[in-house]
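Read the figures in this text as sums done on the coordinates, not as results from a lab. Since we're looking at a predicted model, the values are computed, not measured. Positions of Cβ are backbone-derived with ideal geometry, glycine not excepted, and every protein chain shown enters the neighbour counts.
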Amino acid sequence: MHDASEDVMSVLTERIEERFQMPLADLLREVEKAPQANPEATVLVHWHGLLAETQQALDTAEDALVEALGTQPTDVLDDPVMELAHQVNSAVASRDGRAMVVNYLLDPNAPGKRGPGVSPAARRAPALRTSPPTLPSTRNTTARGAAR
């Protein structure tokens, strides 16, 4: 049952290693030594850690559910088994949410991000002109339906 969920972890781990050109264990040591040296690496390592914790919780919940299902009649699920199923669903949602954050952090073209070389001031500049609009002249115009 863990194969697909472990694939999520391995794919994201590979992407992090590719991004920083080093194994994740080495990146973890570098971030521990100097967290301010590369804020992007620090944030990614943090979220990857949260993702790994959630993945472990999901694996534990799935194992408990599979074990409980093995002792149940196949036609009826009792409340404790349903509670385990809900725990698995919650763990999947948490894992998927954290995986989405890691994906976002790895994607330089994600919405809300700009490529390198764009200054923070340029990111705060308005996208459109912000001067007030000029109103058309109202002289010599007649309201619709008004008598002339």
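Highest-first packing order for the peptide set 41-48, 10-17, 95-102 is 41-48, 95-102, 10-17, based on the mean count of other beta carbon atoms within 10 Å. Using a simple spin-label model with pseudo-atoms 7 Å out from Cα toward Cβ, Gln21 and Ala64 lie 4.5 nm apart. Pop the C-beta distance of Val43 and Ala85 into the FRET formula with R0 = 30 Å and round what comes out to the nearest 0.05. E(calc), rounded to 0.05, equals 0.35. When the Cα positions of Gln55, Leu65, Ala41 are compared along the charge dipole of the stretch 31-74, Ala41 comes out farthest toward the positive end, with charges on each C-beta of Lys, Arg, Asp and Glu.
Our note on the geometry: Cα centres of the stretch 53-88 and the stretch 22-36, 36 Å apart.
Scalar couplings 3J(HN,Hα) for the stretch 77-91, obtained by applying the Karplus form with A = 6.51, B = -1.76, C = 1.60 to θ = phi - 60°, are 10, 7, 4, x, 5, 5, 4, 4, 5, 5, 5, 4, 4, 5, 5 Hz; x denotes Gly and Pro.
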